[in-house]
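Working notes for the structure below.
The values are calculated or read from the model by the stated rules, or taken from the named source; none is laboratory data. What you see is a predicted model, and the numbers here were worked out from it, not measured in a lab. Please note: Cβ atoms are built from the backbone with ideal geometry, for glycine as well, and neighbour counts cover all protein chains shown.
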Amino acid sequence: MTLSPESLARSAALRPWRTIAVWLTLVAVSMVLVGTLLGSATSGGQGEFTSNPESKRAQELLEKSGLRGELQDTEIIVVSHETLTADSDEFKAKVADVHAKLVALGPEVLDDPAAVPNPFALPAQVAESFISANRNHVRIPATLAGGVLDAQDRVEGLLKLADEESVGGFTVGVAGAAAINADFQEISERDLILGETIGVIAALFILIIVFRAFGSVWFPLVIAIMGIVMTYAAIAVIGQFYDNFPFFVTNFVTMIGLAVGIDYTLFIVARYKEERAHGREKIDAIVHSGATASRAVLFSGFTVVFALVGMLIVPTTIFFSMALGAILVVVFTVLLALIFLPALLSILGDRVNAWKMPGLRGSIDYENTTSGFWNWITRTVLRRPLIFMAITLALLIALVIPYFSINLGFNGVETLPGEFRARQTFDILINEFEGGQGLGDVSAVDLVIDRGADTQAARDAIGRLDAILAADPAFGAVGEYEVSPDGQVGLLPVLLAVAGDSDEATRFIRKLRGDYLPAAAFPADPLVGGVTAFSVDFFNLVDDWTPIVLALVLSLSFVLLMVVFRSVIVPIKAIILNLLSVGAAYGLLVLVFQEGFLIDVLGFQQVPVIEAWIPLFLFAILFGLSMDYEVFLLSRIKEHFDQTGDNSESVAFGLRSTASIITGAALIMVAVFWGFTLGDLVMFQQFGFGLAVAILVDATIIRSILVPSTMKLLGKNNWWLPGFLNWLPDLRVEGGESHRQSGPAAETVTHAD
């Protein structure tokens, strides 16, 4: 027996209990792995470059010169009181108590406990730099032990201390990368629960309408949840050897897993029910569903994976980690749909139609081509294809236009809800301390001078730079200049007066590199490092690699579609239309989040930037998911065209016979994605919104109007394939007639279970 979707369906259907037992065992093992390993595998890993940008070279030079070890995280502890000032004995005693307990955390938490200052034990002039302008706040900087990857575990001690000491009118807060990340992780977990709940409830409602019965609505959810759990387990295991999975990878996996799991299962179960309604025997119907819908699911999974492969080549661990998580959940979901689902259908049989929904009759009929709403839409579009194509293209192009004013960046601590302690503490550091003193090392930029650092020319250049920077509102102060023992490498900390992840800080780095440093005329070109410089290098990397990823994904998609449909026109048209739907999503993202259009109505948070990683991820995910509907529609059109040779009628047949199932599947995806926009994290609001609107545009405007109108205008040219490409294999998504027969084995072999 050859390995194919139909052979897998037959094997699972004939041995259902054995098949289900194997998969449930895998899920049980996965749950154990998730419970024991997932937390340590996704402990807020920081993104790292696998290439060699300027910020990375600066850090390596500092480590090599001995000026600094591995990059560490500095947290700022802030002691506050609404009425008492730092001049009172009670305030000084509180600061001394917090300092003593902080030092007592020892080297397991702090890099050098003895280096943690008690401001009131310092000379009066020095102590003033640790006190806010209104004298109601005192800051204590503390560098955590280990590198930045260890900071998430270390900061727990500081957060616990802050909670315990926030008594008697005093508030103790912690701000820094790890503390902020802890709040983001808490919100992420809360948003995950909210998104899952909303998405699942909405999906159930739509599934009830699509299936017309309660007996089968849980199938898609079971497949989706099993795929998500197994992906979590894979991440948990991989994460023991690869420490760059960010904490929000689980949100991402859940979002994609719910969408594709429900979508793929919907296609297969709907086809099985249809085949049973047409009189096929149970096993025959399962195998036929495997030869048709399961093949479409397999191909759809391939397209999503191919699109995500583009993310794997981007030289940064954040893209690799997220793409790997998405690829894993798609692969597990496809395998479950092709193997576990046929076994489940074999056991339940016609009980999938149990508990019919009152008021809803019948089921989805792929062959219904003579009446109803979709017949009206089809006839209307095909009568005036040029007019509908022109109007629709004008609308989509108008939606794309705002994209050209997109401002990429990172939405940081300022987007946290106001009730979170890290947000409150960071606001104090920015607003109440003068000259960047409050932020201290948290928002420091490392200026690394290579060669001739211990010369008068270098020191003169530092003086010129200080004078130049004084006019920039993002500039706080220049720190103490350090020189390596050999006198060649110098480190000049430049403190910012703004949050290091803000748009102002990003602008400052670009000006520093492009204008300020050349004007200061250093003897050797300095390297700009630090966390903010890292972010700017990330933005530059995204800009550089986006065209490469697009070229790779579009090329793979073109080849795949050309082979499947044996046409060069179909893939070109599909790629253009998919790019339009993605472009419309980009434009709407900018219009809503960046420009604030309908922001209050939608309940989102207006921010100055779109998350830098979102456009590339949206492209990869959407391009793969939209091909799902493209293939499902075009395969029906191509099948009918091969039988009749009538292009217009084939287009009409394909649209009418797939519209209901595509619309239902798309609405489920939109519901799942929209559920994740209802949380507090802006990056998930943006990502969920982008996915939801793109899928909605793709399944309605693109599939209902642009695809049929363009195919009507192109006529038989849709299926043109140059003669020199006739050697391409005849690979059909839903198989030919040979695939439509289950064979005698399906009717005569009894269940081995």
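Within the range 71-88, being closer than 16 Å to S166 by Cα and part of a strand (DSSP E or B) holds for I76, I77, V78, V79, S80, H81. Looking only at residues that are modelled with pLDDT of 85 or more and among the aliphatic types (A, V, I, L, M) in the range 497-518, which one is farthest from A533 (Cα to Cα)? Here the residue is L517.
Show me the helices (runs of 4 or more DSSP H) entirely contained within the range 244-321 in which 3 or more residues are in contact with a Lys or Arg (Cβ under 8 Å, 6 or more places away or on another chain) and either aliphatic (A, V, I, L, M) or more than 24 Å from L579 (Cα to Cα) (or both). Talk me through it step by step, then tell me what you get.
Details: elements: 249-277, 282-291, 293-312.
Fully inside the range 244-321 and qualifying: 282-291.
Scanning the range 72-98 for residues that are within 18 Å of A133 (Cβ to Cβ), among the small types (G, A, S) and at pLDDT 90 or above, we see that the one that is surrounded by the most Cβ atoms within 10 Å (Cβ to Cβ) is S80.
Please work out which residue is modelled with the highest pLDDT, limiting yourself to the range 211-242 and to residues that are farther than 18 Å from A323 by Cβ and polar (S, T, N, Q). This residue is Q240.
Residue by residue, here is whether (1) part of a helix (DSSP H, G or I); (2) touching a Gly at 6+ places or on another chain (Cβ under 9 Å); (3) buried (at least 24 other Cβ atoms within 10 Å of the Cβ) holds:
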residue	(1), (2), (3)
F619	yes, yes, yes
L625	yes, no, yes
S635	yes, yes, no
F689	yes, no, no
R703	yes, no, yes
T710	yes, no, no
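Taken together, the residues in the range 52-100 that are over 34 Å from the mean Cα position of the chain (by Cα), closer than 27 Å to N181 by Cα and of a type in the set (G, A, S) amount to 2.
A quick yes/no check of all residues on (1) assigned to a strand (DSSP E or B); (2) of a type outside the set (A, V, I, L, M); (3) at pLDDT 85 or above:
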position: I449; (1), (2), (3): yes, no, yes
position: G452; (1), (2), (3): no, yes, no
position: I462; (1), (2), (3): no, no, yes
position: A471; (1), (2), (3): no, no, yes
position: L495; (1), (2), (3): yes, no, no
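Selection within the range 105-123: residues that are more than 36 Å from the chain's Cα centre (by Cα) and within 15 Å of I77 (Cα to Cα). The member of this set that is surrounded by the most Cβ atoms within 10 Å (Cβ to Cβ) is P119. A497 satisfies every condition listed in (1) among the aliphatic types (A, V, I, L, M); (2) crowded, with 22+ Cβ neighbours inside 10 Å; (3) under 30 Å from G583 (Cβ atoms) except (3). With respect to L655, determine if the residue is outside any loop (DSSP other than H, G, I, E, B) and farther than 16 Å from I406 by Cβ. Yes; evaluated as a whole, the condition is true for this residue. Restricting E504, E482, E419 to those that are without any contact (Cβ under 8 Å) to a residue 24 or more places away in the chain, acidic (D, E) and closer than 27 Å to I140 by Cα reduces the list to E419.
Using the structure shown, decide if A533 is farther than 26 Å from N52 by Cβ and small (G, A, S). Don't jump to the end; show me each part of the working.
Working: farther than 26 Å from N52 by Cβ: no; small (G, A, S): yes.
Against the criterion (farther than 26 Å from N52 by Cβ and small (G, A, S)), A533 does not qualify.
Say whether the condition of being assigned to a loop (DSSP other than H, G, I, E, B), outside the structural domain of I637 (by TED's automatic domain parsing) and of a type in the set (G, A, S) is met by at least one residue in the range 236-243. Yes, because at least one residue in the range 236-243 is assigned to a loop (DSSP other than H, G, I, E, B), outside the structural domain of I637 (by TED's automatic domain parsing) and of a type in the set (G, A, S).
Only one entry in I668, I701 is among the β-branched types (V, I, T) and over 24 Å from the mean Cα position of the chain (by Cα), namely I701.
Residues that are modelled with pLDDT under 80 and acidic (D, E) within the range 419-436 comprise E419, E434, listed in sequence order.
Select from the range 536-593 the residues that are hydroxyl-bearing (S, T, Y) and crowded, with 18+ Cβ neighbours inside 10 Å and write down the one among them that is nearest to G514 (Cα to Cα). Let's see the steps before the verdict.
We begin by selecting, within the range 536-593, every residue hydroxyl-bearing (S, T, Y); these are 546, 555, 557, 567, 581, 586.
Adding the requirement that they be crowded, with 18+ Cβ neighbours inside 10 Å leaves 557, 567, 581, 586.
On the way: S557: 39, S567: 49, S581: 36, Y586: 29 Å.
Ranking the candidates gives Y586 first.
Pairs are defined by a Cβ separation below 6 Å, a sequence spacing of at least 6 or placement on different chains, a first member in the range 324-345 that is free of Cβ contacts under 8 Å to residues at least 60 places away in the same chain, and a second member that is assigned to a helix (DSSP H, G or I); the pairs so defined are I327/V305; I327/L308.
Please go through the range 138-195 and pick out each residue that is touching a Lys or Arg at 6+ places or on another chain (Cβ under 6 Å) and surrounded by fewer than 19 Cβ atoms within 10 Å (Cβ to Cβ). Answer for the range 138-195, where residues must be touching a Lys or Arg at 6+ places or on another chain (Cβ under 6 Å) and surrounded by fewer than 19 Cβ atoms within 10 Å (Cβ to Cβ): just F170. For the range 370-427, filtering for residues that are among the acidic types (D, E), more than 25 Å from the chain's Cα centre (by Cα) and assigned to a helix (DSSP H, G or I) leaves 1.
Are any of the residues in the range 16-36 over 28 Å from the mean Cα position of the chain (by Cα), surrounded by 14 or more Cβ atoms within 10 Å (Cβ to Cβ) and assigned to a loop (DSSP other than H, G, I, E, B)? Among the residues of the range 16-36, not one is over 28 Å from the mean Cα position of the chain (by Cα), surrounded by 14 or more Cβ atoms within 10 Å (Cβ to Cβ) and assigned to a loop (DSSP other than H, G, I, E, B), which makes the answer no.
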